[in-house]
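Below is one structure; the comments refer to it alone.
The values are calculated or read from the model by the stated rules, or taken from the named source; none is laboratory data. None of the values given here were measured: they were computed from a predicted structure. Virtual Cβ from ideal backbone geometry, glycine too; neighbours counted across all protein chains shown. We work out accessible area using only protein heavy atoms, side chains counted, and drop any ligands, DNA or RNA first. Shrake-Rupley method; radii C 1.70, N 1.55, O 1.52, S 1.80 Å.
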Amino acid sequence: MTSINHPSRRDFLSQAAAAGGGAVTVPRLLAGGMLSAAGLAAGCESATSRPGQSSWPDLATLPIPTGPTDDAWAAVRAHFILQPGTAYMNNASLGMPPGVVAEAVADGYLAISTEPLHGKHDLQDRIAQTVMPSLAQTFGADISEISLTRNATEALHLQTLSLDLSPGDEVLITTHEHPAGHRPWMVRAARHGVTVREVFIPSPLVSVEDVISRFEAEITNRTRAIAFCHVTRGGHRYPVRELCTFARERGLVSLVDGAQAVGQFPVDLHELGCDAYSASMHKWMFGPVGTGFLYVRSGARDGFSPAFEPGGAVTGAEYAPPGTADFPVRAALATSLAFVERIRLANVEVRCRHLSDYLKGRLAKLDGCTLLSGPEHLSAPGSTIFELAGLDAVASVPRLEELARTHIDEHQRDGHDAIRVSTHVYNTKSEIDRLVDGLEAARGL
Ligand SMILES: Cc1ncc(COP(=O)(O)O)c(C=O)c1O
């Protein structure tokens with residue numbers, strides 16, 4: 001098994017230890033003489049040079065993967081600083097940023113801590129001039145349609161609470177919503193007298209037509225909006241374009257939870273035709289933890305009343321919560337987006353599909369294994385769910401960590417006792433082999 005162990009990870013740990021007192025140090029800054037460990041610990045030394053000498057190779061030199069194999073992705077894998085020996089396959093919960101993104105966050109914090117005034121302005125400039133245009137370009141939107149948030153949960157609350165609705169108006173959601181998507185609708189029901197009805201959608205999905213006809217069957221003359229996931233927690237991929245067309249033809253607003261979708265495959269928001277879309281950048285998009293966005297289509301704005309006074313938004317458009325924000329974290333999104341631009345989301349999709357197909361092939365040979373992911377056009381490339389007779393899904397999580405140093409998750413919902421394995425580009429077939437061997441061993445315990 002190839003382990004993920006870039007030299008700067010070792011530097012990071014050893015220099016952090018050398019700095020003592022738990023001080024966090026950044027290898028390239030120390031190596032480049034910008035700040036000394038002692039100075040950092042004393043909190044008094046000023047910068048002697050600007051950031052810019054990353055300990056990571058320039059992303060422009062990262063080879064663009066030319067196929068789906070482990071070999072083709074080895075150079076990309078080398079950018080991740082996961083503890084050697086651990087196989088991380090829980091990206092649907094929280095993804096891993098590459099080292100260069102972790103370094104960008106640390107750089108931003110050092111910059112704003114050593115020079116708050118200029119540090120803040122520099123970071124705000126990076127957010128306005130690089131992050132926002134790059135986000136808009138990556139997701140096929142206009143800059144003015146995007147507001148930065150801390151995560152999809154925040155964005156989902158903003159999109160749901162901002163939608164103009166009157167008492168007695170009806171909204172259709174699905175039985176697959178994540179609590180982050182479900183809870184704000186419960187607030188609308190309790191506070192504003194909105195009727196929220198759940199459309200039952202089977203797991204796995206049956207077909208595009210089946211999903212649409214289930215919505216169709218529930219629509220009444222009071223229905224004003226439909227809300228659903230692009231990709232569910234269980235990895236089911238909804239026919240978003242078709243559902244949004246369906247909504248538009250009936251004069252309904254379409255609101256999408258894209259937390260599990262962005263980063264697994266290309267997403268073009270204008271092309272999808274949704275009115276609002278909420279996303280997390282820290283799952284599949286290699287973003288630093290605490291990053292996400294809300295998209296509201298410019299043509300749909302009249303139907304929303306933002307919760308905040310627009311002049312207060314420091315970054316992003318009028319939906320963004322106002323005031324001082326985590327600028328270093330948001331500015332580091334520029335690096336995540338550059339990383340993604342380099343490796344390309346279309347390649348990520350092919351690679352993720354290649355790994356999940358391999359996993360599914362191995363699972364198919366296990367006695368008592370029921371695969372619960374749908375066919376390719378109805379499932380996300382990276383998330384796989386299945387039940388394994390004789391193994392409780394919740395119990396499998398710590399057991400697999402113990403037996404195979406493999407991080408996975410459970411999916412005990414939608415009527416399943418399922419295990420969820422969410423593999424990203426940096427996983428390998430040998431890690432999957434280790435996981436499947438571990439599953440067999442765990443079942444025998
Ligand atoms: C479908 C879906 N929506 C929303 C969320 C919430 O994401 P976050 O915790 O990043 O806000 C999740 C998290 O797992 C999710 O799976």
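A few notes on this one:
- Filter pass, Gly95 being within 16 Å of the ligand (Cβ to nearest atom), in contact with a His (Cβ under 7 Å, 6 or more places away or on another chain) and either in contact (Cβ under 8 Å) with a residue 12 or more places away in the chain or not in a helix (DSSP H, G or I) (or both): yes
- Only one of the numbered conditions (1) closer than 17 Å to Arg77 by Cβ; (2) out of contact with any Gly (no Cβ under 8 Å at 6 or more places or on another chain); (3) hydroxyl-bearing (Ser, Thr, Tyr) is violated by Thr335, and that is (1).
- The residue pairs whose first member lies in region 340-361 and is among the hydroxyl-bearing types (Ser, Thr, Tyr), whose second member is outside any helix (DSSP H, G or I), and whose beta carbons are closer than 7 Å, counting only pairs six or more residues apart or on different chains, are Ser356/Pro381; Ser356/Gly382; Ser356/Thr384; Ser356/Thr423.
- Test: residue in region 121-134 that is of a type outside the set (Lys, Arg), open to solvent by less than 10 Å² (accessible area, probe 1.4 Å) and free of Cβ contacts under 8 Å to residues at least 24 places away in the same chain: no
- Where helices (runs of 4 or more DSSP H) sit wholly within region 326-445, those with at least 3 residues that are within 19 Å of the chain's Cα centre (by Cα) occupy 327-331, 333-343, 345-364.
- Residue satisfying condition, being more than 18 Å from Gly140 (Cβ to Cβ), touching a Ser or Thr at 6+ places or on another chain (Cβ under 6 Å) and open to solvent by less than 40 Å² (accessible area, probe 1.4 Å), within set Phe200, Phe246, Phe215, Phe228: Phe228
- Only one entry of Leu158, Leu165 meets the criterion of being at pLDDT 95 or above, crowded, with 21+ Cβ neighbours inside 10 Å and not hydroxyl-bearing (Ser, Thr, Tyr), and that entry is Leu158.
- Neighbours by Cβ (under 7 Å, 6+ apart or cross-chain): first from region 232-255, farther than 26 Å from His411 by Cβ and in contact (Cβ under 8 Å) with a residue 60 or more places away in the chain; second part of a loop (DSSP other than H, G, I, E, B) and open to solvent by 10 Å² or more (accessible area, probe 1.4 Å): Val253/Asp275
- For region 262-273, the set of residues classified as touching a Phe, Trp or Tyr at 6+ places or on another chain (Cβ under 8 Å) and either open to solvent by less than 10 Å² (accessible area, probe 1.4 Å) or within 16 Å of the ligand (Cβ to nearest atom) (or both) consists of Val262, Gly263, Gln264, Val267, Leu269, listed by residue number.
- Single unsatisfied condition, His416 versus (1) closer than 27 Å to Ala346 by Cα; (2) crowded, with 17+ Cβ neighbours inside 10 Å: (1)
- Note on region 210-247: residues that are closer than 25 Å to Ser373 by Cβ and of a type in the set (Ser, Thr, Tyr) total 3.
- Count of residues meeting criterion [assigned to a strand (DSSP E or B) and within 9 Å of the ligand (Cβ to nearest atom)] in region 274-286: 3
- Condition check for Val289: outside any helix (DSSP H, G or I), within 12 Å of Ala141 (Cβ to Cβ) and either open to solvent by 20 Å² or more (accessible area, probe 1.4 Å) or among the β-branched types (Val, Ile, Thr) (or both): no
- The residues of region 142-165 that are polar (S, T, N, Q) and either within 10 Å of the ligand (Cβ to nearest atom) or without any contact (Cβ under 8 Å) to a residue 12 or more places away in the chain (or both), listed by number, are Thr149, Asn151, Thr153.
- Scanning region 398-409 for residues that are within 17 Å of Phe386 (Cβ to Cβ) and open to solvent by 40 Å² or more (accessible area, probe 1.4 Å) returns Arg399, His407.
- Scanning region 170-185 for residues that are part of a loop (DSSP other than H, G, I, E, B) and surrounded by fewer than 18 Cβ atoms within 10 Å (Cβ to Cβ) turns up Thr175, His178.
- Top-ranked residue in region 186-197 [being among the basic types (Lys, Arg) and open to solvent by 30 Å² or more (accessible area, probe 1.4 Å); ranked as nearest to Thr384 (Cα to Cα)]: Arg197
- Looking only at region 198-217, residues that are out of contact with any strand residue (DSSP E or B) (no Cβ under 9 Å at 6 or more places or on another chain) and over 14 Å from His236 (Cα atoms) come to 4 in all.
- One residue from Arg214, Arg183, Arg233 being over 20 Å from Val267 (Cβ atoms), within 13 Å of the ligand (Cβ to nearest atom), among the basic types (Lys, Arg) and modelled with pLDDT of 95 or more: Arg183
- Listed by first and then second residue, the pairs with beta-carbon distance under 7 Å, at least 6 apart or on different chains, first residue in region 273-300 and of a type in the set (Lys, Arg), second open to solvent by 10 Å² or more (accessible area, probe 1.4 Å) and away from the ligand (no atom under 15 Å from the Cβ), are Arg297/Asp275.
- Evaluated against (1) surrounded by 17 or more Cβ atoms within 10 Å (Cβ to Cβ); (2) at pLDDT 95 or above, Gly316 falls short on exactly one condition, (2).
- Residue in region 56-73 that is within 16 Å of the ligand (Cβ to nearest atom), assigned to a loop (DSSP other than H, G, I, E, B) and modelled with pLDDT of 95 or more present: no
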